[in-house]
Amino acid sequence: MKPNQMQKDALEQLRLLREKGKQRGLIISATGTGKTYLGAFDVKSTNPKKMLFLAHREQILEKSKESFSRIIGGKKIDYGLYTGNSRNKNAKYVFATVQTLSKSNHLSLFDRDEFDYILIDEVHHAGAETYQKIMNYFQPKFYLGMTATPDRNDDFNVFKLFNYNVAYEIRLPQALEEDMLCPFHYVGISDYTFKDNRVNEAIDSYNNEKGNHKNEQKIVEQLSSQERVKYILDQTKYYGYSGDVLHGLIFCSGVAESVSLAKELTRQGSPSKALSGNDSEVKRRSVVKDLEKGIIKYIVTVDIFNEGIDIPCINQVVFLRNTNSNIVYIQQLGRGLRKSKGKEYVEILDFIGNYKNNYIIPVALTDDSSYSKDNARATTSMEPTIGVSTIYFEQIAKEKIFDSIRQAKFDSMRNLRTVYNEMKKRVGRIPLLQDFIKFNSIDPVILSNKEKNYANFLIKMGEQINISDYENKILSFLDVELLNGKRRHELILLDLLINNSEISMEKFDEALIKNHCLNNQEIIESVKRILSLSFYNENASPSRKDYGGKAIVEYNDKNNQYVLNSEIQYSLKKNKDFRQLWIDGIRTGLSRSQRYDSDKLFTIGKKYTRKDVMRQSNNITNVTAQNIGGYYFNDKYGMIFVTYKKSMNISKSIQYEDRFLSDRILHYYSTNNRKLTSKEVQKFFTDKYRLLLFVKKSDADDNKDFYYLGTCSYIDSSARQENQDGKPIVSMNLRLDNRVNYHLYHLLTD
């Protein structure tokens, strides 16, 4: 057996880690991606005199021992178990349970340097006293930790334990793309609705309170009632499974519910057994064997199958519970993703109730850590594929998730503090904004804009940051205006000026060419206005005063040079905190700018605020939203802003129905009180202006961002004068030069 590409890459990184003298390394890899085989390949390559494999379940050890033997080979006596039932300490490769080895009378039987190589499976458990006792006792040449879920809900820092040496990481979507896991077909189904709405409300309360409820017994009776179980079985039969025999796993909210459900499932012709943490290892094995042999169709459980249990034959996973953690959700989803002969895919059936945490579902399915409501909505609406895995939500289930997303506070300080502390654990210091991009975490813009700049956010997190009032203001300029990376020109210039107080126009031009940036005199003049702060009005928000009141970069006409203002030069030399935050903001903005087409004014399909549009269309000043309304013309461009779904709270006079007639034609209305002869309406009909179309679905969440759909033009003879709430208004048809992307079209119009 040979390593796959992921394993080859990880083995190389482990080799480089040891070459640098590191004695500990961490592998983060999605469930089912071959972590055990990877460990065996690495042990084989290092050829230790003696190895210790640690795990918390004997069942894991037995399968791991078989895998190591298959990879490494050698005599059978080279491989031994050290558990409550077996004490083979003299084997070359010892597979031990933590519970047994951590006992002093067992640990003392081994020399401290007895093992050259120690491998810890499911290493996120290593914060427990038993693990720590073992790790503090032994002194191997190398410790390898392996886990699928390093981001724990407790305070233990697995990254610190391994000196922040992450050798390799592969997450669920990547593993699916690489065909390392069995594909899944996910279906989000609306849960059963009882005729008595009081019952539905009680069940919702029970689930949203994580199973703690005074009427638990009555609710369990409803959840496992004949009518609900029949509904569940009807759905599971309709959507089916891969293969000839059903091997199903059902997750529910509580132990009592699992027992009751198993009985009713069995009564209705689907033999099932319940398992919980109260059951012995012997019973667990027996029930798993019954499932593998097809004696039963379902195991009904709560959380004990989150990790460490390998049942490759599972071809249907059913969720009958609220989702409180994307970590747990991914763990449970992963139970069915191991490949098995005759299994082409695993069917994932998620029965979705009125749960506050439904927004976690699209986040978990795509393993998305960006904390973006847009991404969560897009997953729910567009139902993306991941490799050949598919996602589908029934309409009612979809609406429940949208409602949850709408109510959720993704950017609450509580959530952001959690994300921040997780990153701090990972890197072992105050995180940089660049760290959040590097490790596919939250969008840095969310963190920095929460408190106007990242420095303020760090202070809110309790960090000691030393910056002056002026430094704070220009950091706000950097983080609010440029960090998003939507136009990289200003960031490139500021990057050039970090270590040089002056940069020639020629050097700046060279850098723009090197970065494939659109470069003309209009853009250069716009960059000058942005960095001199002349773009910002005195009385608007943000104003020049908000950003320090004086030019950040001045242009010297005589020498054709850009000059960084002297106060910033001084701060870069004298204030380490400011220098790090300034450089980090610039470099993070440049990293983020890779999402946008640098050779175009705007990138089709990306989102922009009205202020972004004013800046990137090279407007002289920042025209406020109140002055823009639905469209704004400067000397060259006509910028059209459409809110597709109007709020019912706005005046009837502006509730006109802009709508797509197709993915290329928009039926569009002017602002009210306009006639065909109005000057601004006439601008739509001429070739003098290039029309740019920006559309957002609604004003939900105080949304200020519009999708850029590209350039468009007026369709001749389509304009009509109409009346809206007794006032004249003009309607017309606009043709887009490019069709709206299929998924985006449905996101906007559904």
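A few comments on the model shown:
- In region 479-527, residue nearest to the chain's Cα centre (by Cα) [restricted to those that are closer than 21 Å to LEU581 by Cβ and of a type in the set (Asp, Glu)]: ASP479
- Scope region 175-207; condition touching a residue at least 24 places away in the same chain (Cβ under 8 Å) and of a type in the set (A, V, I, L, M, F, W, C); matching residues: ALA175, LEU176, MET180, LEU181, CYS182, PHE184, VAL187, ILE189, PHE194, ILE203
- The number of residues in region 607-633 being outside any helix (DSSP H, G or I) and exposed (fewer than 15 other Cβ atoms within 10 Å of the Cβ) comes to 4.
- For region 623-652, a residue qualifies if it is over 16 Å from PHE706 (Cβ atoms) and either in contact with a strand residue (DSSP E or B) (Cβ under 6 Å, 6 or more places away or on another chain) or modelled with pLDDT of 90 or more (or both), and the qualifying residues are PHE633, ASN634, ASP635, LYS636.
- Annotation: SER591 fulfils all but one of (1) in the same structural domain as PRO542 (by TED's automatic domain parsing); (2) surrounded by fewer than 20 Cβ atoms within 10 Å (Cβ to Cβ); (3) more than 25 Å from the chain's Cα centre (by Cα); the unmet one is (3).
- Against the numbered list (1) in contact with a Lys or Arg (Cβ under 6 Å, 6 or more places away or on another chain); (2) in a loop (DSSP other than H, G, I, E, B); (3) within 26 Å of LEU119 (Cα to Cα), TYR192 comes up short only at (3).
- ASP435, sole failed condition from (1) closer than 17 Å to ASN326 by Cβ; (2) part of a helix (DSSP H, G or I); (3) modelled with pLDDT of 85 or more: (1)
- Single residue of LEU478, LEU447, LEU458, LEU493 found to be surrounded by fewer than 22 Cβ atoms within 10 Å (Cβ to Cβ), assigned to a helix (DSSP H, G or I) and either in contact with a Ser or Thr (Cβ under 7 Å, 6 or more places away or on another chain) or hydrophobic (A, V, I, L, M, F, W, C) (or both): LEU458
- Qualifying strands (runs of 3 or more DSSP E) (wholly inside region 256-357; at least 3 residues being buried (at least 16 other Cβ atoms within 10 Å of the Cβ), in contact (Cβ under 8 Å) with a residue 12 or more places away in the chain and not β-branched (Val, Ile, Thr)): 272-275, 316-320, 346-352
- Odd one out for ILE467 among (1) part of a loop (DSSP other than H, G, I, E, B); (2) more than 21 Å from TYR547 (Cβ to Cβ); (3) touching a Phe, Trp or Tyr at 6+ places or on another chain (Cβ under 9 Å): (2)
- Among (1) surrounded by fewer than 19 Cβ atoms within 10 Å (Cβ to Cβ); (2) in contact with a strand residue (DSSP E or B) (Cβ under 8 Å, 6 or more places away or on another chain), the one test that THR147 misses: (1)
- Within region 219-241, tally of residues that are assigned to a loop (DSSP other than H, G, I, E, B) and surrounded by fewer than 18 Cβ atoms within 10 Å (Cβ to Cβ): 2
- Just one of (1) at pLDDT below 95; (2) buried (at least 18 other Cβ atoms within 10 Å of the Cβ) fails for ASN484. It is (1).
- Pairs with Cβ under 7 Å, 6+ apart, first in region 736-750 and part of a helix (DSSP H, G or I) and surrounded by 14 or more Cβ atoms within 10 Å (Cβ to Cβ), second at pLDDT 90 or above and of a type in the set (D, E, K, R): TYR745/ASP663
- Flag for LEU512 being over 21 Å from ASN622 (Cβ atoms), without any contact (Cβ under 8 Å) to a residue 60 or more places away in the chain and surrounded by 18 or more Cβ atoms within 10 Å (Cβ to Cβ): yes
- Each residue in region 697-735 was checked for being part of a loop (DSSP other than H, G, I, E, B), within 30 Å of ASP411 (Cα to Cα) and out of contact with any strand residue (DSSP E or B) (no Cβ under 7 Å at 6 or more places or on another chain), and 2 pass.
- On the stretch given as region 528-563, residues that are under 37 Å from the mean Cα position of the chain (by Cα) and not in a loop (DSSP other than H, G, I, E, B) total 9.
- Top-ranked residue in region 21-64 [being modelled with pLDDT under 95 and of a type in the set (D, E, K, R); ranked as nearest to PRO150 (Cα to Cα)]: LYS35
- For region 499-506, the criterion of being among the charged types (D, E, K, R) and not in a helix (DSSP H, G or I) is satisfied by at least one residue.
- The set of residues from region 358-370 being buried (at least 22 other Cβ atoms within 10 Å of the Cβ) and farther than 21 Å from ARG335 by Cα comprises just one member, TYR359.
The values are calculated or read from the model by the stated rules, or taken from the named source; none is laboratory data. These figures come from a predicted structure and were not determined experimentally. Neighbour counts are summed over all protein chains in view; Cβ atoms, including those assigned to glycine, are modelled from backbone coordinates with ideal geometry.
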